[in-house]
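Engineer: Pasting a structure here, questions to come.
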Amino acid sequence: MLVIDKVRIAYIVSSLKRCGPMVQLLGLIQGLNRERFQPSIITLSPEPEDTMIQSFLENDVKINSLGLKRRESFLGGKLRKQLSEISPMIVHSHGIRADFLAATFLQDYYTCNTIHSFVFEDYGLTYGRVMGSLLARQHCRFIRRIIVPISCSRTVADKLARSVQIETEVVPNGVDTKVFVPVTTEEKLMLRKKLGIPLDCTLFVSTGNLSVLKDPVTLIKGFQQAQLANSKLVVLGDGPLKDVLAKEADDSVIIAGKVSNVHQYLKAADVYVSCSQSEGLPMAVLEAMSTGIPVVLSNIDSHREVLQDQQRAGLTFPTGDATELATQLRKLMGMNVGEMGRQARKIVLDNYSYATMSKGYQDIYESIAQRYYAKERKQLL
């Protein structure tokens, strides 16, 4: 007789370093029905300083670290030994290293993965055209060997299908709509006072890695060209372009660096701006929309997906075009930004909450589990 147990899921990640994919994983696990699903995590590398490990432990997740050096990731023995102790029904990998191991050494497991970006764009902008293309093609070879690949957005799924004929499930990213919430005018002013931001200015905020991928140079140039009266731009984040931006910035621009209280800056803001050249599904944009502020975004596919190709929650401009960004910033100032912010919040509540994301993954896990049970029953006959 087959005993139906909890569905054991082993998540494989490089580390629990604070980043978009790990924030997503935490939200997914927080939303799991623990009467049905039992999560555990295997990390490949030692944890960095900015790890989220404590947040996962607080959610009663068992974590096992293999402590591998990068070149040791090509050896699957340690991983298989750890998995044999966990005996998962499902292995869920995140990132190219984890996908490589799952595709190469775990063919006897039921595997799924999350594809967090369109790799040909992301890797090309990060590593250069030649190296990026090689890495992307290699990653796609791994993805083909995953039983159930999952895209983080319809944009990523469509691009994979068109460019390399890989069909995937789609579970859109989610945000914590209980943390990223609208605030009253009084609360906004209190936050600005706490953060040292002028109380009476129109505040624009942007956050993310200060790299070519996020294009913060266009952000600053466009904001300066807009010449908006009594306005400030706060740029949050760190990265290789930080010194370049410091030279570009004038008195209207604040380069705040990396902060741990992004949600407070978003709640203090009036408008969020992103000039990103590529996104899987933009977490920072969704967090801003969840706080109830309108957005001005580069017109990449994933930004248009979030806005649902409408202007009710924000505006778009051609990627890399500082002059057109300035035009859209000026245009926004003549619109009903309060109503646009309410529409932004509604889009997130309807489509991009943690609860919606977690349900999407749980439905996939249930489908995989049924295949696992069918195999077990067949072996008992």
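The values are calculated or read from the model by the stated rules, or taken from the named source; none is laboratory data. Bear in mind the structure is a predicted one, so any value in this text is a computation, not a measurement. Using ideal geometry, Cβ is built from the backbone for each residue, glycine included, and neighbour counts are taken over all protein chains shown.
Engineer: For residues in segment 147-158 being buried (at least 21 other Cβ atoms within 10 Å of the Cβ) and part of a loop (DSSP other than H, G, I, E, B), which is nearest to the chain's Cα centre (by Cα)?
Structural biologist: Cys152
Engineer: Would you mind listing the helices (runs of 4 or more DSSP H) fully within segment 33-146 where at least 3 residues are of a type in the set (A, V, I, L, M, F, W, C) and surrounded by fewer than 19 Cβ atoms within 10 Å (Cβ to Cβ)?
Structural biologist: Values: elements: 53-58, 77-86, 96-105, 119-127, 129-144.
Per the criteria, 129-144.
Engineer: Among the residues of segment 325-341, count how many are free of Cβ contacts under 8 Å to residues at least 60 places away in the same chain and of a type in the set (D, E, K, R).
Structural biologist: 2
Engineer: How many of the residues in segment 159-197 are buried (at least 17 other Cβ atoms within 10 Å of the Cβ), part of a helix (DSSP H, G or I) and under 21 Å from the mean Cα position of the chain (by Cα)?
Structural biologist: 2
Engineer: In addition: Considering only residues that are assigned to a helix (DSSP H, G or I) and of a type in the set (A, V, I, L, M), look in segment 326-346 and name the one that is surrounded by the fewest Cβ atoms within 10 Å (Cβ to Cβ). Steps first, answer last, please.
Structural biologist: Within segment 326-346, the subset assigned to a helix (DSSP H, G or I) is 326-332, 337-346.
Filter once more, so that each one left must be of a type in the set (A, V, I, L, M): 326, 329, 332, 337, 340, 344.
On the way: Ala326: 19, Leu329: 24, Leu332: 23, Val337: 17, Met340: 22, Ala344: 28.
Ranking the qualifying residues of segment 326-346, first place goes to Val337.
Engineer: Going by the conditions given, is Asn230 in the same structural domain as Ala322 (by TED's automatic domain parsing), under 24 Å from Met283 (Cβ atoms) and surrounded by fewer than 21 Cβ atoms within 10 Å (Cβ to Cβ)?
Structural biologist: Details: in the same structural domain as Ala322 (by TED's automatic domain parsing): yes; under 24 Å from Met283 (Cβ atoms): no; surrounded by fewer than 21 Cβ atoms within 10 Å (Cβ to Cβ): yes.
Here the answer is no, as Asn230 does not meet what is asked.
Engineer: Please list, ordered by first then second residue, the pairs with beta carbon atoms under 7 Å, 6 or more apart or interchain, first in segment 354-372 and closer than 13 Å to Phe37 by Cα and modelled with pLDDT of 95 or more, second of a type in the set (A, V, I, L, M, F, W, C) and assigned to a helix (DSSP H, G or I).
Structural biologist: Hits for this filter: Ser358/Leu28; Tyr361/Leu28.
Engineer: Leu241 fails exactly one of the following numbered conditions: (1) surrounded by 18 or more Cβ atoms within 10 Å (Cβ to Cβ); (2) at positive phi. What is the number of that condition?
Structural biologist: Of the numbered conditions (1) surrounded by 18 or more Cβ atoms within 10 Å (Cβ to Cβ); (2) at positive phi, the odd one out for Leu241 is (2).
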